[in-house]
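J.: This is the structure I have questions about; it appears just below.
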Protein chains: 2
Amino acid sequence: MTKADIVNEIAKNTGISKDDVLKTVEAFMETVKVSLTKEENVYLRGFGSFIVKKRAKKTARNISKNTTIIIPEHNIPAFKPSKEFVAKLK
Amino acid sequence: MTKADIVNEIAKNTGISKDDVLKTVEAFMETVKVSLTKEENVYLRGFGSFIVKKRAKKTARNISKNTTIIIPEHNIPAFKPSKEFVAKLK
DNA sequence: AAAGAAAAAGACATAAAATGTCTACCCACA
DNA sequence: TGTGGGTAGACATTTTATGTCTTTTTCTTT
């Protein structure tokens, strides 16, 4: 599914205008991004949590060149699905 | 942030009613869940992809009982953040 | 609907990170 | 108020994440 598919589906199921749905979906994504940038996790009951994970300094590989590089410590965005969501896919 | 926090933030930033925003956010989550249940991934450019990952059969431990359990092969929901999202947190 | 731009997916070897299980407890949301 | 979400523990195995390149897909504009 693409964003357009999602927007159409939501508009169909809720009766809300596609324009408002699109704006809301885009605002949702932007809000999650900004929140995690501020290291504030987002908990969505029954769906999952968008959380910040810390990654230690790491020795990685540039596999194209077969060289070693050091990746400094950094944060990554992660999603932890809720039990309900996981159970739905099992 | 909780769902209510997100809804308030979106309503504030877009001017859309909290009721409509709440309905849209809930419908968004439900649509993503149903899509992944159907093994149809959701691609949201600039945010990330909700994808189905296959987990192989695995031997795990029940540490309370110190016994071994076989977890059968199954699907899990996963999120792959976009490069833009990852870069924002680095 | 078509075109074009750009994001995203996927492949490679290997060190680091995550995974799964159960139980008990606490917090918070609807 | 009921229930979902988060946390901790052990440990052996599985999965991820790095850069670059090519191809595919998304998404905006016309």
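J.: Give the nm distances, rounded to one decimal, from A:A60 to the matching residue in every other copy, measuring between label points 7 Å along Cα toward the beta carbon; shortest first.
T.: The projected label point of A:A60 is separated from its counterparts by 2.8 nm.
J.: From the backbone phi of segment A:77-82, what are the Karplus-calculated ³J(HN,Hα) couplings (6.51 cos²θ - 1.76 cosθ + 1.60, θ = phi - 60°) in whole Hz, Gly and Pro given as x?
T.: Couplings: x, 9, 10, 10, x, 5 Hz.
J.: Taking the Cα centre as origin and putting +1 on Lys and Arg beta-carbons and -1 on Asp and Glu beta-carbons, what dipole magnitude results for segment B:1-40, to the nearest 20 debye?
T.: For segment B:1-40, the charge dipole is close to 80 debye.
J.: When N counts the residues of the protein assembly as shown, how does its alpha-carbon radius of gyration compare numerically with 2.2 N^0.38 Å, as a ratio? Don't skip to the answer; put the middle values down first.
T.: Numbers: Rg = 18.5 Å, N = 180, 2.2 N^0.38 = 15.8 Å.
Relative to the rule-of-thumb radius for its length, the protein assembly as shown sits at 1.17.
J.: When each copy gets a label point 7 Å from Cα toward the beta-carbon at A:N8, what are the spacings between them in nm, shortest first?
T.: 3.6
J.: Give the residue from B:V21, B:A4, B:A60 lying farthest towards the positive end of the charge dipole for chain B; charges sit on Cβ (+1 for Lys and Arg, -1 for Asp and Glu) and the dipole is referred to the Cα centre.
T.: In chain B, that residue is B:A60.
J.: Placing +1 at every Lys and Arg Cβ and -1 at every Asp and Glu Cβ, with all other atoms neutral, what dipole size does chain A have around its Cα centre, in debye to the nearest 20? Working shown, then result.
T.: On the way: 18 positive and 10 negative charges, 134 e Å.
With Lys and Arg at +1 and Asp and Glu at -1, about 640 debye.
J.: Also, I was wondering about something else. Under the rule of at least 5 residues apart or a separate chain, name every residue whose amide H is placed under 5 Å from the amide H of A:S82.
T.: Excluding prolines and chain starts, which carry no amide H, the hits are A:F47, A:G48, A:S49.
J.: Also, I was wondering about something else. Shortest first and in nm to one decimal, what separations exist between A:I76 and its copies in the other chains, measuring from label points 7 Å along the Cα-to-beta-carbon line?
T.: 1.3
J.: Kirkwood Rh and Cα-based Rg: tell me the resulting Rg over Rh for chain B, rounded to two decimals. Intermediate values should be presented prior to the final figure.
T.: Values: Rg = 18.2 Å, Rh = 16.1 Å.
Using Cα coordinates only, the ratio equals 1.13.
J.: Using only helices, what value at 222 nm comes out for the protein assembly as shown when you add -39,500 (n - 2.57) per DSSP H run of length 4 or more and divide by the total residues, to the nearest 500 deg cm²/dmol?
T.: On the way: 6 runs with 78 residues, N = 180.
Calculated at 222 nm, the ellipticity per residue is -13500 deg cm²/dmol.
J.: Whose Cβ in chain A comes nearest the axis that rotates A onto B, and by how many Å?
T.: Value returned for chain A: A:F79, 1.
J.: At 0.36 nm per residue, minus the direct Cα-Cα distance, what do B:K80 and B:T14 gain on full extension? Give it in nm, one decimal, please.
T.: On the way: separation 66, 0.36 × 66 = 23.76 nm, distance 2.65 nm.
21.1 nm is the gain from fully extending B:K80 to B:T14.
Values quoted throughout were computed directly from the atomic coordinates according to the rules given, and no laboratory measurement underlies them. Keep in mind that what you see is a predicted model, and the values were worked out from it rather than measured. Note that we place each Cβ from the backbone using ideal geometry, even for glycine, and neighbour counts take in every protein chain shown.
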